[in-house]
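Below: the structure, in structure tokens.
The values are calculated or read from the model by the stated rules, or taken from the named source; none is laboratory data. Here the structure is a predicted model, which means the values were calculated and not measured. For neighbour counting, all protein chains shown are included, and Cβ atoms are generated from backbone atoms with ideal geometry for every residue, glycine included. In case anyone asks, the SASA skips ligands and DNA or RNA and just uses the protein heavy atoms, side chains included. Shrake-Rupley method; radii C 1.70, N 1.55, O 1.52, S 1.80 Å.
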Amino acid sequence: MTQPEALIDRVRGWVEAAARVVVLTGAGISTESGIPDFRGPRGVWTRDPQAEKLSDIRYYMADAEIRKKAWQARLVHPAWEAQPNAGHAAIAALERRGKLHALITQNIDGLHQRAGNSPERVIEVHGTVLKVVCMSCGWKGPMQETLVRLLTGEEDPPCGLCGGILKSDTISFGQSLIPEVIDRAMRCAAEADCFIAVGSSLQVYPIAGAVAEAKAAGARVVIVNAEPTPFDDIADALLADSIGRTLPRIFQCPDS
Ligand code: NAD
């Protein structure tokens, strides 16, 4: 479905007029890079509801078999092969133009930084799969080093310092978010004059609440998502075309 040019023009005008654009991204921005989302039609959980257990801290901590499966999933995680796509590139271009106040992402794949967004502007509310963390002593290290241990036969590699359970440095379901990170994201949302939610079903709280926060503070709200979200009613514009086609158009990338 191609969006009418008039709607694209209107949104582009809001972006041009804005001094502080805040973008919130979810798994949908990375599907065109080959990383499946969770809840879209081809999502990981849509196809296999059992897979949700791998992302639940209660199962992960209690069951070595779940941890072994989670490590195997990390070993073949599509993030290792994925390249940033046109959607990621458009947000990086927005930052280069000095328009991007903050990029709040629920993604853990590191593709925004690889596309060229500066790490200090990216707020990773659900952590990153590029690092591991010890659930006992808090040690953190690069994911690739732990994956090498898997290749040498360790199925559930323990922390090298204290023997504790290692996990990707991501926020699993049932785990607490980091309050300072969420506070910063909400503060930035409230400072936006144009807030654009991209590729998220907007079902995961508290971050989905950033949309309402921005709207209440007076921002124009745009939702770029193939499927309806619970916040469509308060959006000033809904764009349901592919993210890789839409973002270059609304952020006015030279070759769009
Ligand atoms: P979600 O899976 O709940 O929703 C993704 C939405 O994006 C869906 O509504 C889908 O219709 C839409 N979408 C997918 N591809 C699209 C495209 N090319 N164009 C337009 N729309 C498209 O994602 P969520 O809201 O981010 O929640 C999932 C949670 O899982 C997040 O918290 C995130 O931490 C994690 N997750 C991250 C990744 C990643 O890092 N790439 C991947 C899967 C899940």
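The strands (runs of 3 or more DSSP E) located wholly in the stretch 133-210 that include 2 or more residues which are touching a strand residue (DSSP E or B) at 6+ places or on another chain (Cβ under 8 Å) and over 30 Å from residue 230 (Cβ atoms) occupy 140-142.
Restricted to the stretch 203-240, and to residues there that are surrounded by fewer than 18 Cβ atoms within 10 Å (Cβ to Cβ) and among the charged types (D, E, K, R), the residue that is nearest to the ligand (Cβ to nearest atom) is 227.
Looking at the stretch 47-63, which of its residues are open to solvent by 40 Å² or more (accessible area, probe 1.4 Å) and either more than 18 Å from residue 36 (Cα to Cα) or without any contact (Cβ under 8 Å) to a residue 40 or more places away in the chain (or both)? Before the answer, list the steps.
Filtering the stretch 47-63 for residues open to solvent by 40 Å² or more (accessible area, probe 1.4 Å) gives 47-50, 52-54, 58-59, 61-63.
Result: 47, 48, 49, 50, 53, 54, 58, 59, 61, 62, 63.
In the stretch 100-120, what residues are in contact (Cβ under 8 Å) with a residue 24 or more places away in the chain and either surrounded by fewer than 18 Cβ atoms within 10 Å (Cβ to Cβ) or among the small types (Gly, Ala, Ser) (or both)?
Going through the stretch 100-120, the residues in contact (Cβ under 8 Å) with a residue 24 or more places away in the chain turn out to be 100-112, 114-117.
Matches in the stretch 100-120: 102, 110, 114, 115, 116.
Of the conditions (1) surrounded by 17 or more Cβ atoms within 10 Å (Cβ to Cβ); (2) more than 13 Å from the ligand (Cβ to nearest atom), residue 30 satisfies every one except a single condition; which number is it? Evaluating residue 30 over (1) surrounded by 17 or more Cβ atoms within 10 Å (Cβ to Cβ); (2) more than 13 Å from the ligand (Cβ to nearest atom) leaves (2) as the failure.
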